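First up is the structure itself, then whatever we jot down about it.
The values are calculated or read from the model by the stated rules, or taken from the named source; none is laboratory data. Just so it is clear, the model here is predicted, and its values are computed rather than measured. Quick reminder, even Gly has a Cβ in these numbers, built from the backbone with ideal geometry, and neighbours come from all protein chains shown. Just the protein is used for accessible areas: all its heavy atoms, side chains included, with ligands, DNA and RNA removed. Shrake-Rupley method; radii C 1.70, N 1.55, O 1.52, S 1.80 Å.
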There are 2 protein chains.
Amino acid sequence: MSTAPNSQLLKGSLSVMILRLLEGRERMYGYEITQKVKELTAGEMTITEGALYPALHKLEAEGLLTTETQVVDGRARKYYSLTKTGQTEAVGRVAELTAFLDNLNLVLNLKPSL
Amino acid sequence: MSTAPNSQLLKGSLSVMILRLLEGRERMYGYEITQKVKELTAGEMTITEGALYPALHKLEAEGLLTTETQVVDGRARKYYSLTKTGQTEAVGRVAELTAFLDNLNLVLNLKPSL
DNA sequence: TTTAATACCTAAGAATTCTAGGTATATCCA
DNA sequence: TGGATATACCTAGAATTCTTAGGTATTAAA
């Protein structure tokens, strides 16, 4: 959710991040995703659970993710993995987002840094 | 609104685009903004009027834009310009968006193209 | 004369995120 | 022993933004 405190995640970017993170891994569980994003961005980006869990459930309902629950150290973890459809969709949605970001850069005229 | 037909504008990006476009110009009117975005993105990005006008009105209500109406060729145009506050905010919001996009790239791991 | 382009607007709904809770276990520290 | 923090899941309601789908009006082109 935040880069600056309280700034909002750009609409639609969360589900793409989830799909992309899972593209490079066998499986991840929700809490792990929040920690991975924090780690990758040096603490600058935080995924709220109020956004993450509904997003995961929606992707599962769409058939892009499957789950398996496992108890580790007395706590239940729900692991998510990409389905075959999910793998295809991940590629497509990343491409769509990339195209959008390219156009955004054309409008914003910010080539130097990105 | 679209890169692919019907895909959505990322939440929050529109107001930054407006502020950024006005940073480089004296003034612009609504319809001109829609055309400029289309031109800059070779027709790939279209701003819907249903999104644009409420966004302009909100920025004006926040004190970042001022307007002056003028009739040209028998049609009324409403020109928007940055206020002093708007100039400051434009810089800040572009920086915030840039920081967000940098972090998004870290998560998506897409450095090559952007 | 009808269509497309120019130029403004709004209302209702959809979608996503944030805020703010809730539950529960394990670990660390005082 | 007790409390705080970390781990791990969840949901409901509000806020925000965008899409869809209209509306009005003038000018230019077919």
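Observations on the model:
- In terms of its C-alpha gyration tensor, chain A has an oblate overall shape, because the principal axis ratio a/c (a ≥ b ≥ c, square roots of the eigenvalues) is not below 1.5 and a/b does not outweigh b/c.
- Taking the stretch B:13-108 and dividing mean pair separation by its residue count, relative contact order in percent (alpha carbons under 8 Å, at least six apart): 32
- Convex hull of the protein assembly as shown built on C-alpha atoms - directionally averaged projected area, nm²: 14.1
- With a threshold of 25 Å on the Cα-Cα distance, the over-threshold entries among B:K36/B:K84; A:K58/B:K36; A:K84/B:K11; B:K11/B:K38; A:K78/B:K11 are A:K58/B:K36; A:K84/B:K11; A:K78/B:K11.
- Accessible surface ranking that places the most exposed of A:E89, A:E39, B:E44 first, with a 1.4 angstrom probe: A:E39, B:E44, A:E89
- Residues A:R75, A:R20 ordered from highest to lowest accessible area at a 1.4 Å probe: A:R75, A:R20.
- In this structure B:Y79 has an accessible area near 20 Å², from a 1.4 Å probe over the protein heavy atoms.
- Using a Förster distance of 25 Å, the FRET efficiency for B:T48-A:T88 (Cβ separation, nearest 0.05): 0.30
- With Cα atoms, 0 to 90° folded angle of helix A:49-61 axis to chain A main axis: 70
- Around the Cα centre of chain B, unit charges on the Cβ atoms of Lys, Arg, Asp and Glu (plus for the first two, minus for the last two) sum to a dipole of about 40 debye.
- With a cut-off of 11 Å between beta carbons, the residues surrounding B:M45 carry a summed charge of -1, where Lys and Arg count +1 and Asp and Glu -1.
- Rounded accessible area per residue of the stretch A:37-114, 1.4 Å, Å²: 55
- To put it simply, the accessible area of the stretch A:17-114 at a 1.4 Å probe is 49 percent carbon and sulfur.
- Length gained on full extension, A:K11 to A:K78, computed as 0.36 nm times the residue gap minus the Cα-Cα distance: 21.6 nm.
- Using R0 = 25 Å, the C-beta based FRET efficiency linking B:E39 and A:A95 works out to 0.60.
- Chains B and A together bury roughly 3300 Å² of accessible area, counting both sides, with a 1.4 Å probe on protein heavy atoms only.
- Across all directions, the average flat footprint of the convex hull enclosing the Cα atoms of the stretch A:56-114 is 6.2 nm².
- Highest-fluctuation residue, A:L40, A:L82, A:L14 considered, GNM on chain A with Cα pairs under 10 Å: A:L40
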